[in-house]
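Participant: One structure, pasted below without further comment.
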């Protein structure tokens with residue numbers, strides 16, 4: 001089942017007259033691809049908010065860093081095998097590191113994992129401020 005918080009990302013409406021909309025270039029495909037990747041992480045791979053919350057937040061950060069490392073290395077002209085090997089060194093989980101073939105794909109994966117981490121931190125902060133009987 002899809003994660004409702006993730007699907008809510010698709011319904012965010014920024015008024016066209018918004019300065020933020022102009023700065024973000026909402027019509028650009030980068031933001032849409034980030035949202036699409038996060039939805040795929042949830043729907044296809046089962047990485048829901050509950051799944052994310054079961055992980056140490058440092059692991060989510062390292063996973064994003066692994067993909068970002070590959071992406072940045074490829075932008076810098078490194079060979080794919082070198083970049084993939086270097087990124088794998090930061091991967092915090094047993095197996096499962098599957099970098100994209102191109103820099104942009106790895107950066108989108110990294111950004112989507114960072115989005116998951118930010119959501120995790122927000123939920124933890126909210127949970128910490130709620131009375132114990134409302135925290136669940």
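The values are calculated or read from the model by the stated rules, or taken from the named source; none is laboratory data. All of these numbers come straight from a predicted model, not from anything done at the bench. Every residue, glycine among them, receives a Cβ derived from its backbone with ideal geometry; neighbour counts consider all protein chains shown.
Participant: Listed residues 68, 136, 110, 64; which is farther than 19 Å from residue 42 by Cβ and modelled with pLDDT of 95 or more?
Facilitator: Working: 136 fails: modelled with pLDDT of 95 or more; 110 fails: farther than 19 Å from residue 42 by Cβ; 64 fails: farther than 19 Å from residue 42 by Cβ.
Criteria check complete, one pass: 68.
Participant: While we're here: Looking only at residues that are closer than 19 Å to residue 95 by Cβ and not in a helix (DSSP H, G or I) in the range 36-70, which one is nearest to the chain's Cα centre (by Cα)?
Facilitator: Only one residue fits best here, namely 47.
Participant: Which one is surrounded by the most Cβ atoms within 10 Å (Cβ to Cβ), of the residues in the range 80-95 that are assigned to a loop (DSSP other than H, G, I, E, B) and touching a helix residue (DSSP H, G or I) at 6+ places or on another chain (Cβ under 9 Å)? Give the steps one after another, and end with the answer.
Facilitator: Here is the first cut: in the range 80-95, the residues assigned to a loop (DSSP other than H, G, I, E, B) are 89-95.
Those left that are additionally touching a helix residue (DSSP H, G or I) at 6+ places or on another chain (Cβ under 9 Å): 89-93.
Values: 89: 9, 90: 17, 91: 19, 92: 15, 93: 11.
For the range 80-95, the residue satisfying everything is 91.
Participant: Another question, if that's okay. Just to be sure I understand, how many residues within the range 46-99 are touching a residue at least 60 places away in the same chain (Cβ under 8 Å) and closer than 19 Å to residue 33 by Cβ?
Facilitator: Selection size over the range 46-99: 1.
Participant: Which residue out of 73, 33 is in contact with a helix residue (DSSP H, G or I) (Cβ under 6 Å, 6 or more places away or on another chain), buried (at least 19 other Cβ atoms within 10 Å of the Cβ) and either at pLDDT below 85 or part of a helix (DSSP H, G or I) (or both)?
Facilitator: Working: 33 fails: buried (at least 19 other Cβ atoms within 10 Å of the Cβ).
Within the list 73, 33, the selection yields 73.
Participant: Against the condition surrounded by fewer than 22 Cβ atoms within 10 Å (Cβ to Cβ), more than 17 Å from residue 33 (Cβ to Cβ) and more than 16 Å from the chain's Cα centre (by Cα), how does residue 102 come out, does it pass?
Facilitator: No.
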